[in-house]
Amino acid sequence: MMVQLTSRDEAMLEWLGVVRMADVDAIRWALAGLAGETSGSPVSRRKAQQWVARLAGVGLVDRARPNFQDGQVVWATHQAIGRGAPNLYRQTARHEVAVAAASARYLARGYEWFRDRRPGSTQEHQVDGVAIKGDRIELVEVELTPKTLHRYKAIHTNHATRMTTTGVTRVVYLCTPDAARVVAREADRFIFRTERPRLLTLPVLDVRGKWVGDDAPLWDDTAPSASEGGSSGMTVPTPLFEEAGR
């Protein structure tokens, strides 16, 4: 059967191929962003559910309700992207859904979302995503539980290096309240005071990875820029959509 897909359908499938799985709220935000809407408002839940049902009806997406979610999780099928279904029960599943939620909100604000480069050494750290809009480059991390404390020195040192040498505007941590406190405290210890204001921690997630907080500070255009403390040279990371063929 010939399936008629819109350009937004194709972009959504590419996005799902990268984030692997997303809840319906993230689908709402991504549908808005990939339709060219940049006001920061999602489509209605009904429209998101209709989109999921339409593509599920032709075998391009599938869905299930894992134990850690109140609602459905959606993913692109092998027919759509040539990859098998994600494991909804592995330890990182909640984190992946939360990363998709962050990615979708950035899309709805007119950002492009990229996969970070792979670390070239043990001193480098791969963040969960890179959001780019014009000359703004944001490294985005999702933190549901605090890491062991000894890891933060290397991670924050790498963040500071990238802010001062690769044109990164800021680093954004989207966290649970407990994780936000730890991330901020360790950033105070390991990031020099001239760069410290460019690492933002927002307690917008609950322990299940559900977005529950206010995202208004994310879109504050008064955030310090790379030119206020870093190099103008920019290393563009690997595009998030590259694996999906975009």
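Observations
- Residues in the range 146-182 that are among the hydroxyl-bearing types (S, T, Y), under 27 Å from A216 (Cβ atoms) and free of Cβ contacts under 8 Å to residues at least 40 places away in the same chain: 3 in all.
- Residues satisfying the stated conditions in the range 55-92, i.e. modelled with pLDDT under 90, open to solvent by less than 60 Å² (accessible area, probe 1.4 Å) and over 20 Å from the mean Cα position of the chain (by Cα): P66
- Within the range 91-146, the set of residues being of a type outside the set (F, W, Y), under 18 Å from T169 (Cα atoms), part of a loop (DSSP other than H, G, I, E, B) and touching a Lys or Arg at 6+ places or on another chain (Cβ under 8 Å) comprises R109, G110, Q126.
- Filtering the range 156-176 to residues that are more than 18 Å from the chain's Cα centre (by Cα) and in a helix (DSSP H, G or I) leaves H156, T157, N158, A160, T161, R162, M163, T164, T165.
- Taken as a whole, the range 131-149 holds at least one residue that is open to solvent by 70 Å² or more (accessible area, probe 1.4 Å), farther than 27 Å from A22 by Cα and not hydroxyl-bearing (S, T, Y).
- Residue ID - farthest from R162 (Cα to Cα), chosen from residues in the range 195-218 that are in a helix (DSSP H, G or I) and open to solvent by 30 Å² or more (accessible area, probe 1.4 Å): A216
- The lone exception for V43 - which of (1) in a loop (DSSP other than H, G, I, E, B); (2) without any contact (Cβ under 8 Å) to a residue 60 or more places away in the chain; (3) open to solvent by 40 Å² or more (accessible area, probe 1.4 Å) it fails: (3)
- Test: residue in the range 9-26 that is open to solvent by 70 Å² or more (accessible area, probe 1.4 Å) and under 26 Å from R115 (Cβ atoms): yes
The values are calculated or read from the model by the stated rules, or taken from the named source; none is laboratory data. From a predicted model like this one, the values you see are computed outputs, not experimental measurements. Cβ atoms come from the backbone with ideal geometry, glycine included; neighbour counts cover every protein chain shown. All accessible areas refer to the heavy atoms of the entire protein, side chains included, with ligands and DNA or RNA removed. Shrake-Rupley method; radii C 1.70, N 1.55, O 1.52, S 1.80 Å.
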